[in-house]
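J.: Mind having a look at this structure? Questions to follow.
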């Protein structure tokens, strides 16, 4: 309907309606201004083309270190250190509502670079299309995320290249999440064989060992230094020292298993123990009297024949010296022989007469320096 065809009442109604809408628009503008100027977040109004800063709030002035008047005379290229063309392309997308978020490096007045998160919204003010930008400083969060990323990278490298077998599994269902290179080297299961399977499906544990490990984990939340056997892919037993640690993430509980393969060490220990037992048996059955003393001429051990001569058992000699068994003059002479052998490192071959239980006896004694694994003289062996 044309205006000249409208009734007077219709024109009056439309005029009142227009005045109401203008009042509403002014109220919205006033509320927006109140929010913009008083908000604790950094806010800017920016021209999409060219990037001129049309307005800034007090929080923006405090954050960037410029006055509001200075910011109103600046362009975004003066604070955003990315290439201007790249930033303008994002602004034009934001005007079309095809992009509403970006992360930028912004330079403050003092030269400091801060990482900011920017949320865009296209608005109209006084007939001009602008970008309403809300800016959050996320520098600390990004730094923390970067440190976490580096930490995870370091852990991943240490995990994969560790000389000790390691695995990560889900506590609730036992599913293996990851294994390191050593896991495959020792047990014969590749990562592809292992990930997504459980230790039961792989047959890693002897049943009784797995039960002990789970009981310890449930009781203490960790396992420390448990000696157990694992089964390889070809069913060989590997002697291990097992350590397990529960790790709580945001979504699930994980078990970090750290396993030291001590198979070779155990074989060496078993061989050494057998060798020591053979030597001990040999020494015990020799007719000679054999003893070992430390650097202070204190007895450490002796064989049965030596102990019988002294009227004691072999277990009773440790910690005693010759003064406990012989006259002082003779004990002192024995001590002098010991020290000569220890200090010079030279074998002493001694023939002497001594009294024992009221009778004279001839003794032929050889004293040899007693050395530790580093070749240092730590005592004397007498035969």
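Read the figures in this text as sums done on the coordinates, not as results from a lab. The structure displayed is predicted, hence computed values, not measured ones. With ideal geometry, Cβ positions are generated from the backbone for all residues, glycine too; neighbour counts draw on all protein chains shown.
J.: For residue 340 and residue 290, what is the calculated FRET efficiency with R₀ set at 22 Å and r taken between the beta-carbons, to the nearest 0.05? Before the final figure, lay out the partial values.
T.: Details: r = 20 Å, r/R0 = 0.89.
With a Förster radius of 22 Å, E is 0.65.
J.: Give the angle, between 0 and 90 degrees and rounded to the nearest 10, that separates the Cα long axis of helix 207-220 from the longest principal axis of the Cα atoms of the chain.
T.: Between the helix axis and the principal axis of the chain, the angle is about 60 degrees.
J.: Taking only DSSP H segments of four or more residues, each worth -39500 (n - 2.57), what value at 222 nm results for the chain once the sum is divided by all its residues, to the nearest 500 deg cm²/dmol?
T.: On the way: 12 runs with 154 residues, N = 383.
Helix-only estimate at 222 nm: -12500 deg cm²/dmol.
J.: Report the calculated FRET efficiency for residue 96 and residue 185 (r = Cβ-Cβ distance, R0 = 45 Å), to the nearest 0.05.
T.: Values: r = 56 Å, r/R0 = 1.25.
With R0 = 45 Å, the Cβ-Cβ based efficiency is 0.20.
J.: Specify the angular offset, from 0 to 90 degrees and rounded to the nearest 10, of the alpha carbon long axis of helix 263-285 from the longest principal axis of the alpha carbons in the chain.
T.: With rounding to tens, the tilt is 10 degrees.
J.: If the chain between residue 103 and residue 77 were fully stretched, how many nm would it gain, using 0.36 nm times the residue separation less the Cα-Cα distance? Display every interim value, and only then the final one.
T.: On the way: separation 26, 0.36 × 26 = 9.36 nm, distance 1.46 nm.
Extra length available between residue 103 and residue 77 comes to 7.9 nm.
J.: For the pair residue 349 and residue 40, how long in nm is the line joining their label points, each one 7 Å along Cα→Cβ?
T.: The two pseudo-label positions are separated by 9.6 nm.
J.: Answer with a single label: of (1) 1.02; (2) 1.22; (3) 1.42, which was calculated as Rg/Rh (Cα atoms, Kirkwood Rh) from the structure in view?
T.: (3)
J.: For helix 8-38, report the angle its Cα long axis makes with the longest principal axis of the Cα atoms of the chain; keep it between 0 and 90° and round to the nearest 10°.
T.: Once rounded, the angle reads 30 degrees.
J.: Now for a separate question. Pull out the extension gain between residue 371 and residue 69, defined as 0.36 nm times the separation in residues minus the alpha carbon to alpha carbon distance; nm, one decimal. Please report the intermediate quantities before stating the final value.
T.: Values: separation 302, 0.36 × 302 = 108.72 nm, distance 8.67 nm.
Roughly 100.1 nm would be gained on extension.
J.: May I ask you to compute the full-extension gain from residue 308 to residue 124, defined as 0.36 nm times their residue separation minus their alpha-carbon distance, rounded to one decimal in nm?
T.: 55.1 nm
J.: In percent, what relative contact order does the chain have, based on Cα pairs under 8 Å that are 6 or more apart in sequence?
T.: Details: 595 pairs, mean separation 27.7, N = 383.
Contact order relative to length: 7 percent.
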